[in-house]
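Working notes, beginning with the structure itself.
The values are calculated or read from the model by the stated rules, or taken from the named source; none is laboratory data. In this text, all values refer to a predicted model and were calculated from it rather than measured experimentally. FYI the Cβ positions are ideal-geometry reconstructions off the backbone, even for glycines, and counts take in every protein chain you see.
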Amino acid sequence: MIFDLNFPPTLLAMTGLLFGAVIGSFLNVVIIRLPEILRSEWTNEAKLFLGMESENNQQLSLASPRSRCPDCGTQLKALHNIPILSYCFLRGRCSNCRRLISIQYPLIELLSAFVTAYILTVHGISEKALFSLIFTYSLIALAVIDMREKILPDQITLALVWVGLIASLWGYWSHPTSAIIGASLGYLSLWSVMHIFKGFTGKEGMGYGDFKLNAAIGAWLGWQSVPTVILVSSFLGAIIGLCAIVIFGRDRHSPFAFGPYLCLAGWVAMEWGDQLNYLFSYLSP
Ligand SMILES: [Zn+2]
């Protein structure tokens, strides 16, 4: 272990809240910008393939252009970039055109702040906390991107697979053998489910992004966690999907994103995997 510093829990919680809110603010940028960047790249590639002229007039990246109001185009002032607080100062509206700002921004910042505080208080300032945070932030970004756009970008899912395999060298959640089998089993299990489902119904119930995300979870947590994660995510997906159809009258034929449930189940399995296994062993005959 390279670093494992002991700090009082209150200090860790406060540091976690502040640091997490700032990262949450960055996650919002990733959630909004990454799909935009990908769409513009795909459009240009398609145009190039069709021999059409591509219009590369605006270079979009995570850093530029600076954040602006989607309605009136006013650039955000430095003061308006303070996580959570700026949303409260502005009372949830653009300072220029008074358009409502999406509640997603402060919610992601709050979520990120609280999970960071939780992870730092439980694991301290340690390598395990660092790996937990990388996994957690990636899952938050993936879950929200999938909810909004119904895509799980390779830029995050595949990077998570490789980082998970590296993390297994420390053996916090899995050892290399278990991580390699976990990555393969994670991918192949959902791939098989999708092909069997497609064989029966002719429809694709899941996308390749879900397989890659499950491969990443398998790499991080080891093959033993793959059945648990699939079971918990399917259970959550079925319950919440059913509620959405029955209570909110959602069209049952419209596509629904499975990624957020995988992310939630993966996170729960990372933090409370032992308790989950205990629960399952208790429930099984
Ligand atoms: Zn505005």
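What the table below lists for this structure:
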{"item": "Residue in segment 88-98 that is of a type outside the set (A, V, I, L, M, F, W, C), under 25 Å from residue 153 (Cα atoms) and within 16 Å of the ligand (Cβ to nearest atom) present", "result": "no"}
{"item": "Residue 187 surrounded by 15 or more Cβ atoms within 10 Å (Cβ to Cβ) and in contact with a Lys or Arg (Cβ under 8 Å, 6 or more places away or on another chain)", "result": "yes"}
{"item": "Residue satisfying all of: in segment 99-133; of a type in the set (Val, Ile, Thr) and within 16 Å of residue 67 (Cβ to Cβ); nearest to the ligand (Cβ to nearest atom) among these", "result": "101"}
{"item": "Members of segment 207-241 that are among the aromatic types (Phe, Trp, Tyr) and surrounded by fewer than 18 Cβ atoms within 10 Å (Cβ to Cβ)", "result": "208, 235"}
{"item": "Entirely in segment 80-192, the helices (runs of 4 or more DSSP H) that have 2 or more residues that are β-branched (Val, Ile, Thr) and in contact (Cβ under 8 Å) with a residue 24 or more places away in the chain", "result": "104-123, 127-149, 154-167"}
{"item": "Filter pass, residue 222 being touching a helix residue (DSSP H, G or I) at 6+ places or on another chain (Cβ under 8 Å) and among the small types (Gly, Ala, Ser)", "result": "yes"}
{"item": "Any hit, segment 64-76, residues being within 15 Å of the ligand (Cβ to nearest atom) and not in a loop (DSSP other than H, G, I, E, B)", "result": "yes"}
{"item": "Positions within segment 49-87 being aliphatic (A, V, I, L, M) and either closer than 25 Å to residue 152 by Cβ or assigned by TED's automatic domain parsing to the domain that holds residue 149 (or both), in sequence order", "result": "60, 62, 63"}
{"item": "Residues of segment 93-119 that turn out to be out of contact with any Ser or Thr (no Cβ under 8 Å at 6 or more places or on another chain), over 30 Å from residue 270 (Cβ atoms) and surrounded by 15 or more Cβ atoms within 10 Å (Cβ to Cβ), as a count", "result": "1"}
{"item": "Filtered residues of segment 243-281 (kept if under 13 Å from residue 231 (Cα atoms), of a type in the set (Phe, Trp, Tyr) and assigned to a helix (DSSP H, G or I))", "result": "261, 280"}
{"item": "Pairs where the first residue, in segment 253-281, is over 16 Å from residue 173 (Cβ atoms) and the second is outside any helix (DSSP H, G or I) and at pLDDT 95 or above, C-beta under 6 Å, 6+ apart", "result": "259/152"}
